[in-house]
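Shown next, in structure tokens, is the structure this report addresses.
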Amino acid sequence: MTDELRSFLELNLPKVKEGKKSKFSLGVAEPKLGSHISETTKITCQSGEFVLELLRGVRLHFDKFIKDLKPGDLEKAQLGLAHSYSRAKVKFNVNRVDNMVIQAIFLLDTLDKDINSFSMRVREWYSWHFPELVKIVNDNYLYARVAKLIEDKSKLSEEHIPALTEILGDEDKAKETVEAGKASMGQDLTPVDLINVQLFAQRVMDLAEYRKNLYDYLVTKMNDIAPNLASLIGEVVGARLISHAGSLTNLAKCPSSTLQILGAEKALFRALKTRGNTPKYGLIFHSSFIGRASAKNKGRMARYLANKCSIASRIDCFAERGTTVFGEKLREQVEERLEFYDKGVAPRKNIDVMKSAIETTQNKDVEMEEAQPVEASAKKSKKKKSKPEDAPAKAANGDAFEDAKSEKKKDKRKKEQGHGAEEMNGINGDVAEQDGTAKKKKKKSKDEVAAASKTTKKRKSKE
């Protein structure tokens, strides 16, 4: 219950005396809110189907209950609330920055499909001219590059071998393509057709390059947003999990049993409908750990890996500083569990692993704190080095002030000695002489300070 609601209720409802029950009851849609209101204000609250029906009627005829409310005001208020809610949600997503990862992984998947279909189209198109090249070059990207380089097969000669070896990385394949071009059974194409093939091959190459750059961007983003999840299960699988859950916070809220079958919803509901076996893994199956596990241990491995992924996502979501220490330790635990299933080697306990991870993070924090003052001192020393011209003047002033201070201290000591002598002997003449000498010395010290300041001014004017 907010303060505004409390003040509204206290103003508009009759006060309930202590030790007496209220003669009225307040209808509330949320029972938990009603219990909190009754605890704080001691107003009896009621919630149920009857109250919900009443509230629905009030909502329907709300403009009739309030006199000053105009016909369009309620719609405007609803629209304003919707705008503020959506704005708050967008701001929340911007803070987490996981939206960029979701969009990047979606684009990466669509690019993979498009590049495959386009490269197949290049193969089919260029195979009318040079059909033997398909068997020599298997990779789609390399095929597009070779097709762009060769252009017309009739012009293919031994001069092209260095360029082909640079693309294919094998001299034997380059020689084979040249020989195949000389004895090719493909039909000749017109220059216009060849130009179109070259342009399309170039477009496929550009898409493949952009796909590489997008993958690098996704890796850097995942290391910023979810470093532990990325180091545990990999950047691509981690990004797929985040995009399927909707956001990193949604993934962190998921229990490990839900995370395990995330991406296999169709199989799960089909199994529930037909009363068959439920799926053991969803998107987690693409991880290398499950591929390395034996057939009988795949389900166990998926369950264990989902557990660790759940821990990693929660650390990434709610931790103040992003570190990969926990992800690396969790990965070590998964490796140990694989060895346990294969060889029977007992793994470490989870408490010990987490303690070591916390210790390493604390040590890193201490090192960072130690490094900061060192950097600050280095900056100060640079500043001092950058101003060598002012150094002699400052030194001269400093020496003059030090001399003045030392003389003042001597004067004070002599005064003290003089006062002691006055008390012991009662001789005023000696005290007067000592005072006179002190005054003379003071004058001398003042003259020396003035002389030092004049010398510094002369040096500055010369400089």
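Annotations
- Averaged per residue, segment 187-286 has 54 square angstrom of accessible surface, using a 1.4 angstrom probe with ligands and nucleic acids left out.
- Exposure rank, largest accessible area first [292, 337, 331; 1.4 Å]: 292, 331, 337
- Temperature 20 °C, viscosity 1.002 mPa s: under these conditions the Stokes-Einstein estimate for segment 72-149, based on its Kirkwood radius over C-alpha pairs, is 128 µm² per second.
- Distance between the modelled labels on residue 212 and residue 342, one decimal in nanometres: 3.2 nm (7 Å Cα→Cβ projection).
- Cross-link check: pairs 148/173; 148/212; 89/280; 253/349; 296/349 evaluated at a Cα-Cα cut-off of 28 Å; pairs beyond the cut-off: 89/280.
- Take residue 100: with every protein chain present and a 1.4 Å probe, its accessible area is about 90 Å².
- Segment 246-319 - percent of accessible surface contributed by carbon and sulfur, probe 1.4 Å: 54 percent
- Candidates per chymotrypsin sites (Phe, Trp or Tyr not before Pro) in segment 92-195, loop by DSSP, up to 16 other Cβ within 10 Å: 128
- Theoretical FRET efficiency, 1/(1+(r/R0)^6), r = Cβ-Cβ of residue 12 and residue 224, R0 41 Å, to 0.05: 0.20
- Computed from the C-beta positions of residue 1 and residue 120 and an R0 of 60 Å, the FRET efficiency is 0.40 to the nearest 0.05.
- Projected label points at residue 294 and residue 355, each 7 Å from Cα along the beta carbon direction, are separated by 3.3 nanometres.
- Residue 21-residue 49 FRET efficiency (beta carbon distance; Förster radius 25 Å; 0.05 resolution): 0.55
- Per-q log10 I(q)/I(0), segment 3-47, q = 0.17, 0.22, 0.23, 0.29 Å⁻¹ (Debye; single scatterer per alpha-carbon; no solvent): -0.43, -0.73, -0.80, -1.23
- Within segment 49-88, the trypsin sites (Lys or Arg not before Pro) that combine a DSSP coil assignment with at most 15 other C-beta atoms in a 10 angstrom radius are 67.
- Per residue Cα convex hull volume in Å³ - calculated over segment 246-359: 114 Å³
The values are calculated or read from the model by the stated rules, or taken from the named source; none is laboratory data. From a predicted model like this one, the values you see are computed outputs, not experimental measurements. Glycine also receives a Cβ, built like all others from the backbone with ideal geometry; neighbour counts cover every protein chain displayed. Note: accessible area is taken over every heavy atom of the protein model, side chains too, but ligands, DNA and RNA are not part of it. Shrake-Rupley method; radii C 1.70, N 1.55, O 1.52, S 1.80 Å.
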